[in-house]
Amino acid sequence: MKMSSKTPKLTVVGAGPGDPDLITLKAIKALASADVVLYDALINESLLEYAPNAEKIFVGKRKGCYAYQQEQINELIVNRAKSHGHVVRLKGGDPFIFGRGAEEIDYVQEFGIETNMVPGISSSLAVPAYQGIPLTKRGSSESFWVITGTTKSHKLSQDVCLAAKYNATVVILMGMSKLSEIVSIFAAENKEEVPVAVIQNGTTDNERFGYGSIETIEQVVSEQKLSSPAIIVIGEVVKQRAKLASICKNIKEEIVS
């Protein structure tokens, strides 16, 4: 392997939830200085234009098909850092929220390579906001849970069972394949009437929205043919969408125009 004269370095960068305007200035600066960009499936590929001189390598997965396994990505980061210099690992949302950003940094640091982290706007916050859903609101929700729908063992997190016992807003990422199980857990807590939103491709031009309750959301998803990538929002704050969605839409249109 050819060694670079540049100092090997990794910067893990959050690309935000999908709207390219939601990337941070610090992330743009990191991309501009990149020699190599390893990017995931959920990033907006227009962001790669901020790294005009970098080698770009797709390492994400689509519909269960992996371009690289995680172990291969780890090795690729190290090899490219040594051979090229500055590697930017561009990940959707925030890399430290179910993004394996910490795992990749842990691995790379074992090789004495400098590491940096640039946070991103998480889809768990931005996607509901774009639909006019506040995760907290006085009188409706005093806290919120963000839970993975699929653990390392490919099972639903047991934290969903705990969250269903309380009145907090619950945001579930990567949970569409477990929707029936999620609904059953909340129904067992007598929460059939609690509002639920399913938001597919949030903050992008292809964004789609489904609204229902614990009792009806599976039918809504089926009728509207909603699928991954999507997030599930459960709680009384979902009702706020009717009041705020048009305001949020108008604000976004004004900014674009």
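The values are calculated or read from the model by the stated rules, or taken from the named source; none is laboratory data. All of these numbers come straight from a predicted model, not from anything done at the bench. Neighbour counts run over all protein chains shown; Cβ positions are idealised from the backbone, glycine included. Remember, those area values only see protein heavy atoms, side chains included, never the ligands or the DNA or RNA. Shrake-Rupley method; radii C 1.70, N 1.55, O 1.52, S 1.80 Å.
Is there any pair with a first residue in the stretch 115-134 that is more than 24 Å from Ala242 (Cβ to Cβ) and open to solvent by 20 Å² or more (accessible area, probe 1.4 Å) and a second that is of a type in the set (Gly, Ala, Ser) and not in a loop (DSSP other than H, G, I, E, B) whose Cβ atoms are under 8 Å apart and which are 6 or more apart or on different chains, and what are they? Close Cβ pairs (under 8 Å, with a partner that is of a type in the set (Gly, Ala, Ser) and not in a loop (DSSP other than H, G, I, E, B)) amount to Asn116/Ala30; Met117/Gly101; Pro119/Gly14; Ile121/Gly14; Ile121/Gly16; Ile121/Gly93.
The residues in the stretch 222-257 that are modelled with pLDDT under 90, of a type in the set (Gly, Ala, Ser), assigned to a helix (DSSP H, G or I) and open to solvent by 40 Å² or more (accessible area, probe 1.4 Å) can be counted, and the count is 2.
Exactly one residue out of Val108, Val78, Val36, Val88 is of a type in the set (A, V, I, L, M, F, W, C) and closer than 15 Å to Ala15 by Cα, and it is Val88.
A count restricted to the stretch 162-184 and to residues that are surrounded by fewer than 20 Cβ atoms within 10 Å (Cβ to Cβ) and β-branched (Val, Ile, Thr) stands at 0. Note on the stretch 196-221: among residues that are free of Cβ contacts under 8 Å to residues at least 60 places away in the same chain, under 30 Å from Ile23 (Cα atoms) and of a type outside the set (D, E, K, R), the one that is surrounded by the most Cβ atoms within 10 Å (Cβ to Cβ) is Val196. Taking the stretch 79-108 as the range and being without any contact (Cβ under 8 Å) to a residue 60 or more places away in the chain and either assigned to a helix (DSSP H, G or I) or surrounded by 22 or more Cβ atoms within 10 Å (Cβ to Cβ) (or both) as the test, the residues that pass are Arg80, Ala102, Glu103, Asp106, Tyr107. Every condition in (1) farther than 26 Å from Leu25 by Cβ; (2) of a type in the set (Ser, Thr, Tyr); (3) at pLDDT 95 or above; (4) in contact with a strand residue (DSSP E or B) (Cβ under 7 Å, 6 or more places away or on another chain) is met by Ser141 except one, and the failing one is (3).
Scanning the stretch 62-78 for residues that are open to solvent by 50 Å² or more (accessible area, probe 1.4 Å) and in contact with a helix residue (DSSP H, G or I) (Cβ under 8 Å, 6 or more places away or on another chain) yields a single hit, Tyr68. Taking every residue in the stretch 7-36 that is farther than 16 Å from Pro52 by Cβ and pairing it with any residue that is modelled with pLDDT of 95 or more and among the basic types (Lys, Arg), at least 6 positions away or on another chain, the pairs with Cβ-Cβ distances below 6 Å are Pro8/Lys82; Val12/Arg89.
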